Amino acid sequence: YNKVRYYKSDLQGVCDSLVYLIADSVLTMYKDPVIWSDSNQLIADTIIIIITKNEIKQLYLQNAAFITSIDDSARYNQVKGKNMVGYFEKNDLKRLDVFSNGQSLYYLRDDKLALIGINKSESDDIIIYFEENNISRIKLLTNPKAILYPDGELEEKELLLKGFKWEEEKRPQHKNDIF
């Protein structure tokens, strides 16, 4: 199918072309694919979704993988790498493995949601753990480098990782938006 748009209350997506193999329950999105789930946006050159028993089990973001989530109205948590593999439980993302050239920019907050600082990190490989669709822990595996900056210390241009795109205007907001 060409110029694909799909809508489900907890998952939306767009891409130029999509292939779904019924025998394997594998959905592959090509050419500028974008997936949204709650406040998360996922982008890569190709996105592959493995479905088992009507639930997403794994997600592959191939080449130029980038995940963005809204922290507040003007700030974005970001993770990028060459490739990523996401693992799901009951359609909720629980773990994300980032392979090759991993970078993250994350707004660290305390229990009362007050901003502690901005964590910028790099590592060849990264594992990110999620709880309730929010990043709960980041593990830098290979050649880690991380700096926690106080709020206001970074310039605006340093708050977006290279390749950042926020594609909210493309997001289907209602089932009628897919037609």
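The values are calculated or read from the model by the stated rules, or taken from the named source; none is laboratory data. Predicted, not measured: the structure shown is a model, and the values here were computed from it. Note that each Cβ is placed from the backbone with ideal geometry, even for glycine, and that neighbours are counted across all protein chains shown. To get the accessible areas, we keep the full protein, side chains included, count just its heavy atoms, and leave off ligands, DNA and RNA. Shrake-Rupley method; radii C 1.70, N 1.55, O 1.52, S 1.80 Å.
Numbers at a glance
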read-out	value
Scope the stretch 1-52; condition under 19 Å from Asn83 (Cα atoms), aromatic (Phe, Trp, Tyr) and in contact with a Lys or Arg (Cβ under 7 Å, 6 or more places away or on another chain); matching residues	Trp36
Residue that is most open to solvent (accessible area, probe 1.4 Å), among those in the stretch 82-116 that are on the phi > 0 side of the Ramachandran plot and assigned to a strand (DSSP E or B)	Asn101
Among residues of the stretch 7-38, those that are polar (S, T, N, Q), open to solvent by 40 Å² or more (accessible area, probe 1.4 Å) and within 17 Å of the chain's Cα centre (by Cα), counted	0
Residue count for the stretch 19-33, restricted to those that are touching a residue at least 12 places away in the same chain (Cβ under 8 Å), farther than 8 Å from Thr46 by Cα and of a type in the set (Phe, Trp, Tyr)	0
